[in-house]
Amino acid sequence: MAELVLGSPVPLFDRLAGLDAPSSGAWTLLSPEQLQWSIGRELAQLLNTRSARSASEFMRCAGTTIDYGVPDLGHLSSQSEQDLGLVEVIVKKAIGFFEPR
């Protein structure tokens, strides 16, 4: 009979970096708390990395590893609803590309 195992697979880069790995080196599942930490860490890295593409180029890109990060949005105004809407769309697109968990 199949056994229900609670957990989430450990992402490749977490395994390669050895983040919080047990001494046996044999972990294959993340607890819910570890999964939340892993996603938070990846989102922080993503949102703190600038893509080489402009905002308009990023909106048309395919989301390859060369496009990783978010474009520089410093020229946009936090007072403009249109600019805030563009920031929202870009951030959602970046998260969809690079951190779909």
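The values are calculated or read from the model by the stated rules, or taken from the named source; none is laboratory data. Because the structure is a prediction, the values reported are computed rather than measured. When we count neighbours, we look across all protein chains shown, and the Cβ atoms used for this are built from the backbone with ideal geometry, even at glycine. SASA here: full protein model, heavy atoms, side chains in, ligands and nucleic acids out. Shrake-Rupley method; radii C 1.70, N 1.55, O 1.52, S 1.80 Å.
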For this session: Could you list all residues from region 49-62 that are free of Cβ contacts under 8 Å to residues at least 12 places away in the same chain and of a type in the set (S, T, N, Q)?
Result: SER56
Exercise. Quick check, is LEU35 assigned to a helix (DSSP H, G or I) and in contact (Cβ under 8 Å) with a residue 40 or more places away in the chain?
Worked result: yes
For this session: Among the residues of region 32-62, write down those that are among the hydrophobic types (A, V, I, L, M, F, W, C) and either surrounded by fewer than 15 Cβ atoms within 10 Å (Cβ to Cβ) or touching a helix residue (DSSP H, G or I) at 6+ places or on another chain (Cβ under 9 Å) (or both).
Result: LEU43, ALA44, LEU46, LEU47, ALA52, ALA55, PHE58, MET59, CYS61, ALA62
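Condition check ((1) assigned to a helix (DSSP H, G or I); (2) among the acidic types (Asp, Glu); (3) under 16 Å from the mean Cα position of the chain (by Cα)) across all residues:
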| residue | (1), (2), (3) |
| --- | --- |
| MET59 | yes, no, no |
| GLY74 | no, no, no |
| SER78 | no, no, no |
| GLN82 | yes, no, no |
| GLY85 | yes, no, no |
| VAL91 | yes, no, yes |
| ILE95 | yes, no, yes |
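Listed here are the residues, each with its yes/no results for (1) closer than 30 Å to LEU30 by Cβ; (2) without any contact (Cβ under 8 Å) to a residue 40 or more places away in the chain.
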| residue | (1), (2) |
| --- | --- |
| THR64 | yes, yes |
| ASP67 | yes, yes |
| GLN82 | no, yes |
| ALA94 | yes, no |
| PHE98 | yes, no |
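Here is a yes/no grid of residues against (1) at positive phi; (2) at pLDDT below 90; (3) out of contact with any Lys or Arg (no Cβ under 6 Å at 6 or more places or on another chain); (4) open to solvent by less than 50 Å² (accessible area, probe 1.4 Å):
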{"residue": "GLY25", "(1), (2), (3), (4)": "yes, yes, yes, no"}
{"residue": "LEU30", "(1), (2), (3), (4)": "no, yes, yes, yes"}
{"residue": "SER80", "(1), (2), (3), (4)": "no, no, yes, yes"}
{"residue": "LYS93", "(1), (2), (3), (4)": "no, no, yes, no"}
